[in-house]
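Scroll down for the structure; my scribbles are underneath it.
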Amino acid sequence: MAGVVVHKGAIAVGAVVAVVLVGGCKAQATDADGKTRPVRISPTKTDTKTTPGADTGSGKPEKPSPATPAPATPAPAPKTLIAQGRSGGEVRELQARLRQISWFFADPTGSYGSATVNAVKGFQGKRGLPRTGTTDTVTWQKLVGMTREPTKYELYSGGGIPASKPDKRCMTGRVLCISKESRTLTWMIDGHTVSTMDVRFGSQYTPTRDGTFTVYWKSRHHVSTLFHTAMPYAMFFSGGQAVHYSSDFAATGYNGASHGCVNVRDKKKIASLFAQVRNGDKVVVYK
């Protein structure tokens, strides 16, 4: 780089006149008498605070201190709702919902046994949940989201529905009080319940007639002349319609239907009933 000439008259004697860069490496100053001397250039004073990553004089950039993360709050464990050994309506609903999506194949019983445990484990494993076999809040919410509220007949597909309130016609005398709503036959004497049993009825094409009737004929070993099927403990009340034992009902439950008769599936109960009922006793069939 070429030198820069500074005239003496430009500034007062003894003052530094100008800074000359020689070769771009050294700084020099020219005095008033024309002589030159080297000049030390101090760095510009800056804020003494350092910024993250700045050179602190140690030869290494200062790294920002990592923030200490707050300890994670563990998620609360799911609350157990029902488990093995429990019984009641909530267990029956659990079984009915599992049955809707083919995880529980038996009729709901209301008892949380090994079959229910295995069904719950299968459902949990399929959805990435811990296979505990216990129904907790997470498992229940998943199940409810995949199913609908069970009907009364789904809850009691195997029978055992609590008997409906007796029709007022059942409150006097000796009566076979038969409710289509609860699918039960209640043997009553003067308003008092003697026994109750599950029953099924005719299909929509051969319905069981509603109304008030009387038992007009009993046949212990009856065989249908129309369908050639056994009708043990038959108690006829309306034409060819009778209350009788059905082996098909005992085997298949409510998957089938009668040809209009009132089927009973508990053989011991209907045998006892047959021994007590007399011709002329009242029969009330109501919805």
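The values are calculated or read from the model by the stated rules, or taken from the named source; none is laboratory data. Here the structure is a predicted model, which means the values were calculated and not measured. Cβ coordinates were reconstructed from backbone atoms using ideal geometry, including for glycine residues, and neighbour counts include every protein chain displayed.
Given (1) in contact with a helix residue (DSSP H, G or I) (Cβ under 7 Å, 6 or more places away or on another chain); (2) over 19 Å from F249 (Cβ atoms), where does E154 come up short, assuming only one miss?
(2)
So, in region 70-102, of the ones that are aliphatic (A, V, I, L, M) and modelled with pLDDT under 95, which residue ends up farthest from Y153 (Cα to Cα)?
A70
Pairs needed: first member in region 271-287, under 11 Å from C170 (Cα atoms); second member anywhere, in a strand (DSSP E or B) and of a type in the set (F, W, Y); C-beta distance under 8 Å; at least 6 residues apart or different chains.
Matching pairs, first to second residue: K282/F213; V283/F213; V283/F237; V284/F213; V285/F213.
Name the residues in region 239-269 that are in contact (Cβ under 8 Å) with a residue 40 or more places away in the chain and of a type in the set (G, A, S), would you?
S246, G253, G256, A257, S258, G260
Do we find a residue being within 18 Å of R92 (Cα to Cα) and outside the structural domain of N255 (by TED's automatic domain parsing) anywhere in region 163-175?
Among the residues of region 163-175, at least one is within 18 Å of R92 (Cα to Cα) and outside the structural domain of N255 (by TED's automatic domain parsing), which makes the answer yes.
Looking at region 148-261, what strands (runs of 3 or more DSSP E) fall wholly within it and have at least 3 residues that are at pLDDT 95 or above and over 12 Å from V283 (Cβ atoms)?
The qualifying strands (runs of 3 or more DSSP E) are 192-200, 217-223, 230-238.
In region 128-143, which residues are under 9 Å from the mean Cα position of the chain (by Cα), aliphatic (A, V, I, L, M) and either surrounded by fewer than 13 Cβ atoms within 10 Å (Cβ to Cβ) or more than 16 Å from A96 (Cα to Cα) (or both)?
Once the filter is applied, which keeps residues that are under 9 Å from the mean Cα position of the chain (by Cα), aliphatic (A, V, I, L, M) and either surrounded by fewer than 13 Cβ atoms within 10 Å (Cβ to Cβ) or more than 16 Å from A96 (Cα to Cα) (or both), region 128-143 yields only V138.
Just name the residue that is surrounded by the fewest Cβ atoms within 10 Å (Cβ to Cβ) out of those in region 76-100 that are in contact with a Phe, Trp or Tyr (Cβ under 8 Å, 6 or more places away or on another chain) and outside any helix (DSSP H, G or I).
The residue in question is G85.
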